[in-house]
Amino acid sequence: MRLFSTHRRRLAALATTIMVATTVFGCVAQIDQRGNLPDADTVLSIQPGVQTKDQVAQLLGTPSAVGTFDDKNWYYISKRTKTLAFFEPDVIDQEVLVVRFDDSGVVKKVDFYGLNDAYAVEPVDRTTPTYGQKLTLLQQLFGNIGRFTKGDTKPGY
């Protein structure tokens with residue numbers, strides 16, 4: 001009987017140790033790196049007025065993003081965040097390298113932006129009103145039952 005209780009105590013101690021270790025290691029902050037910013041020496045080797053898009057692509061690689069309405073602006077974006085358990089991630093560092101080209105595809109300007117240059121954009125939470133009925137899930141699922149007959153079909157539909 002005594003052997004059984006000693007075994008139970010050891011098992012309970014092991015289970016407690018595993019639970020505590022899981023709890024402690026589950027609360028360790030996780031660092032995430034998104035994007036890849038070229039190293040500073042390579043960026044400094046870009047010469048405005050001299051190098052073309054192809055030469056910049058060979059030096060820096062393909063950009064993270066290109067301008068929306070034209071391809072004159074190339075963006076190299078890097079962001080590091082720290083996440084603790086289930087909380088929202090905190091931005092540790094964010095860097096954006098912008099390479100601007102002129103109409104002939106030659107580097108016009110190189111800009112660098114850091115976390116201090118960023119600002120938060122608050123999305124608008126308004127909704128556009130729509131007219132008509134608001135149907136429940138059941139009305140949507142069963143609303144068309146019995147509406148159609150074989151005679152209602154038209155050629156081409």
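Could you work out how much longer the chain between E88 and S45 gets when fully extended? Use 0.36 nm per residue separation minus the Cα distance between them, nm to one decimal.
Details: separation 43, 0.36 × 43 = 15.48 nm, distance 3.78 nm.
Here the answer is 11.7 nm.
Counting only heavy atoms of protein chains, what accessible area per residue, in Å², does segment 40-157 have with a probe of 1.4 Å?
On a per-residue basis, segment 40-157 sits at 83 Å².
Taking 8 Å as the Cα distance limit and 6 or more residues as the minimum spacing, I'd like the relative contact order of segment 58-104 as a percentage. Intermediate results must be reported in sequence, preceding the final value.
Values: 63 pairs, mean separation 15.4, N = 47.
Once normalised by length, the contact order is 33 percent.
Cα-based count: Lys pairs in the chain below 20 Å, eight or more positions apart or different chains?
For the chain, the number of qualifying lysine pairs is 5.
What FRET efficiency would be calculated for the residue pair A65, N144, taking the C-beta separation as r and a Förster radius of 35 Å, to the nearest 0.05? Numbers along the way, then the final one.
Details: r = 44 Å, r/R0 = 1.26.
Calculated value: 0.20.
Given springs between every Cα pair under 10 Å in a Gaussian network model of the chain, which of Q30, Q51, Q140 has the largest fluctuation?
Q140
Can you tell me the convex hull volume per residue for segment 21-142, based on C-alpha atoms, in Å³ to the nearest whole number?
In segment 21-142, the Cα hull volume divided by residue count equals 248 Å³.
Got a sec? What order do T22, T81, T128 fall in by accessible area at 1.4 Å, biggest, i.e. largest, first? Provide the component values of the computation, followed by the final result.
Values: T22 90, T81 20, T128 115 Å².
Largest accessible area first, the list is T128, T22, T81.
So if we plug the beta-carbon distance of T128 and Q55 into 1/(1 + (r/R0)^6) with R0 = 41 Å, what FRET efficiency do we get, rounded to 0.05? The partial results should precede the final answer.
Details: r = 47 Å, r/R0 = 1.14.
Efficiency at R0 = 41 Å is approximately 0.30.
Are there any chymotrypsin sites (Phe, Trp or Tyr not before Pro) in segment 60-138 that are in a DSSP loop and have at most 14 other Cβ atoms within 10 Å? List them by number.
Numbers: sites: F69, W74, Y75, Y76, F86, F87, F101, F112, Y113, Y119, Y131; in loops: F69, F86, F87, Y119, Y131.
Taking segment 60-138 and a limit of 14 other Cβ atoms within 10 Å, the loop chymotrypsin sites (Phe, Trp or Tyr not before Pro) found are F69, F86, F87, Y119, Y131.
Could you compute the longest span of the chain free of trypsin sites (Lys or Arg not before Pro) located in DSSP loops and having at most 12 other Cβ atoms within 10 Å, not counting the site residues? Don't skip to the end; give the middle numbers.
Working: sites that count: R126, K134, R147.
That gives 1-125 as the longest site-free run.
Tell me, what % of the accessible area of segment 27-157 is carbon and sulfur with a 1.4 angstrom probe? Write down the numbers at each step before the final one.
Details: 5760 of 10840 Å².
Taking all protein chains in place, segment 27-157 shows 53 percent carbon and sulfur surface.
With a 10 Å cut-off between alpha carbons and a GNM built on the chain, which of S64, S78, S45 moves the most?
S45
Rounded to the nearest 5, what is the percent of antiparallel bridges among the DSSP beta bridges in the chain? Working shown, then result.
On the way: 25 of 25 bridges.
In the chain, DSSP labels about 100 percent of beta bridges as antiparallel.
The values are calculated or read from the model by the stated rules, or taken from the named source; none is laboratory data. The structure presented is a predicted model; accordingly, all values stated were derived computationally and were not measured. Glycine gets a Cβ as well: all are built from the backbone with ideal geometry, and neighbour counts include every protein chain shown. Keep in mind that these areas ignore ligands, DNA and RNA; they rest on the heavy atoms of the full protein, side chains included. Shrake-Rupley method; radii C 1.70, N 1.55, O 1.52, S 1.80 Å.
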